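The values are calculated or read from the model by the stated rules, or taken from the named source; none is laboratory data. These numbers come from a predicted model, not from an experiment. So basically every Cβ, Gly included, is an ideal-geometry build from the backbone, and we count neighbours across all protein chains shown. The protein model used for the area step is the full one, side chains on, heavy atoms only, and it has no ligands, DNA or RNA in it. Shrake-Rupley method; radii C 1.70, N 1.55, O 1.52, S 1.80 Å.
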Amino acid sequence: MRIRDKIKKPQRPFVAYEILPPREKDGTLNSYAETISSLLSQTHIDAINIPEVHDEIGRGDRPISNQDRGEPRKFGMLLQDIVGIEAIVNRVVVHMPFNKQMKWLEDTYAKYEIDNMIIVGGESSKQKYPGPTVNDTLYAISNEFNNNIGSIFCGGICIPSRDKESKNLIKKSKSGAEFFTTQVLCDSDNIIKMIKNYQNRCNAIGTFPRRILLSFAPVSNQKNIDFLKWLGVEIPGDTEKYLNGRPGSMTERSLDVAIEVLNEILDYISNNNLKVPVGLNVEHIMSYNFQSSVEMLQELAKIYREFCIKSQ
């Protein structure tokens with residue numbers, strides 16, 4: 001079953017693993033394909049989610065040095081060919097003029113055989129970019145590209161802490177987004193509020209809510225925490241204090257946080273009979289956290305799949 005078919009079945013579990021392309025200096029992409037094969041041997045996932053990270057001026061100094069990495073679409077094609085699992089490629093569309101951006105999308109679809117994408121915008125709406133907005137790109141794909149050239153299945157990003165984010169989800173859905181992935185979650189308050197408001201808005205206009213993939217990641221040191229903050233992730237003070245506390249390792253405590261947050265979200269959905277379908281997305285942030293992320297994926301997927309069975 002294709003990614004698009006799985007995501008569109010609200011009762012079906014959907015689990016993705018997010019991984020950056022390897023650094024170019026590390027050699028070929030094939031070694032990373034072996035890493036993904038190792039992941040697949042340890043647990044079941046439905047898709048590989050490949051992000052595209054840009055340094056934005058508004059974020060300030062990057063806490064961890066940037067690395068030249070392989071192209072996400074090339075990495076995605078390799079994974080699909082060698083590992084045999086569908087890839088979702090993220091694309092930040094604001095940095096390239098509209099015509100060039102559409103040409104990039106067409107090449108990605110035709111030459112790299114990638115037809116699952118998450119359309120991402122810029123860091124700030126106050127900054128002027130040379131490229132199209134997320135909604136303009138989604139609309140062009142849905143109403144021009146997909147009607148004349150091919151069939152790209154599109155998703156978007158949601159930031160639970162952003163004001164009126166549920167309204168943004170409605171707009172992106174109308175433009176063509178079929179699912180969303182959140183930022184890494186370290187607290188349940190904002191995402192619960194967003195899901196509740198999203199359900200209410202969908203009810204009010206008589207539409208169905210799109211699936212939201214809940215994102216989590218292990219952290220093993222303060223640099224990981226600083227990097228997440230640089231990416232815009234909100235980490236409550238009490239949570240950061242707990243992560244830096246004792247006993248046990250930070251990695252273990254970050255798993256505890258993720259389990260608690262996921263349970264709080266799923267319990268709220270169940271107790272309030274909400275119909276917003278959710279999925280799971282686990283990422284490693286840093287390559288040395290790979291095994292920790294696999295363990296987190298296994299633990300969270302178990303909780304999530306049990307929730308899906310009970311919901312049916």
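Brief remarks follow.
- Qualifying residue in the range 282-303 (condition: touching a residue at least 40 places away in the same chain (Cβ under 8 Å) and of a type in the set (Phe, Trp, Tyr)): yes
- Hits in the range 256-296 - residues which are assigned to a helix (DSSP H, G or I), at pLDDT below 95 and in contact with a Ser or Thr (Cβ under 8 Å, 6 or more places away or on another chain): Tyr288, Asn289, Phe290, Ser292, Val294
- Evaluation of Glu56 against (1) among the acidic types (Asp, Glu); (2) over 18 Å from the mean Cα position of the chain (by Cα); (3) at pLDDT 75 or above (one fails), failing number: (3)
- Selected residue [modelled with pLDDT of 90 or more and either buried (at least 17 other Cβ atoms within 10 Å of the Cβ) or hydroxyl-bearing (Ser, Thr, Tyr) (or both)] from Glu86, Glu106: Glu86
- Only one of the numbered conditions (1) at pLDDT below 95; (2) assigned to a loop (DSSP other than H, G, I, E, B); (3) not β-branched (Val, Ile, Thr) is not met by Glu113, and that is (1).
- Within the range 11-24, the residues that satisfy the criterion of being touching a Lys or Arg at 6+ places or on another chain (Cβ under 7 Å) and either closer than 14 Å to Ala301 by Cβ or open to solvent by 10 Å² or more (accessible area, probe 1.4 Å) (or both) are Arg12, Pro13, Phe14, Leu20, Arg23, Glu24.
- Cross-chain or 6+ apart pairs with Cβ under 8 Å, the range 235-246 first and in contact (Cβ under 8 Å) with a residue 12 or more places away in the chain, then open to solvent by 60 Å² or more (accessible area, probe 1.4 Å) and of a type in the set (Lys, Arg): Ile235/Lys229
- Residues that are open to solvent by 20 Å² or more (accessible area, probe 1.4 Å) and either within 20 Å of Phe180 (Cα to Cα) or in contact with a helix residue (DSSP H, G or I) (Cβ under 8 Å, 6 or more places away or on another chain) (or both), drawn from the range 275-295: Lys275, Glu283, Met286, Phe290, Ser292, Glu295
- Of all the residues in the range 101-119, those that are touching a residue at least 12 places away in the same chain (Cβ under 8 Å) and more than 15 Å from the chain's Cα centre (by Cα) number 12.
- Scanning the range 248-274 for residues that are more than 16 Å from Ile191 (Cβ to Cβ) and open to solvent by 30 Å² or more (accessible area, probe 1.4 Å) turns up Gly248, Ser249, Thr251, Glu252, Leu255, Asp256, Asn273.
- Single residue of Arg253, Arg305 found to be under 19 Å from the mean Cα position of the chain (by Cα), of a type in the set (Lys, Arg) and assigned to a helix (DSSP H, G or I): Arg305
- Checking Ile195, Ile157, Ile212 one by one, the residue that is open to solvent by less than 50 Å² (accessible area, probe 1.4 Å) and closer than 21 Å to Val94 by Cβ is Ile157 and no other.
- Inside the range 221-242, residues that are open to solvent by 70 Å² or more (accessible area, probe 1.4 Å) and assigned to a loop (DSSP other than H, G, I, E, B) make up a count of 1.
- A Cβ distance below 7 Å, combined with a sequence gap of six or more or placement on separate chains, defines the contacts here; from the range 124-150, residues that are farther than 22 Å from Ala110 by Cα reach residues that are surrounded by fewer than 12 Cβ atoms within 10 Å (Cβ to Cβ) in the pairs Ser124/Gly58; Gln127/Gly58.
- Residue, farthest from Tyr242 (Cα to Cα), within the range 179-220, restricted to residues that are assigned to a loop (DSSP other than H, G, I, E, B) and of a type in the set (S, T, N, Q): Thr207
- Unique match (being among the basic types (Lys, Arg) and open to solvent by less than 70 Å² (accessible area, probe 1.4 Å)) among Arg162, Arg73: Arg73
- Cβ-Cβ under 6 Å pairs, at least 6 apart or on other chains, the range 5-25 side part of a helix (DSSP H, G or I), far side of a type in the set (Asp, Glu): Lys6/Asp46; Glu24/Asp68
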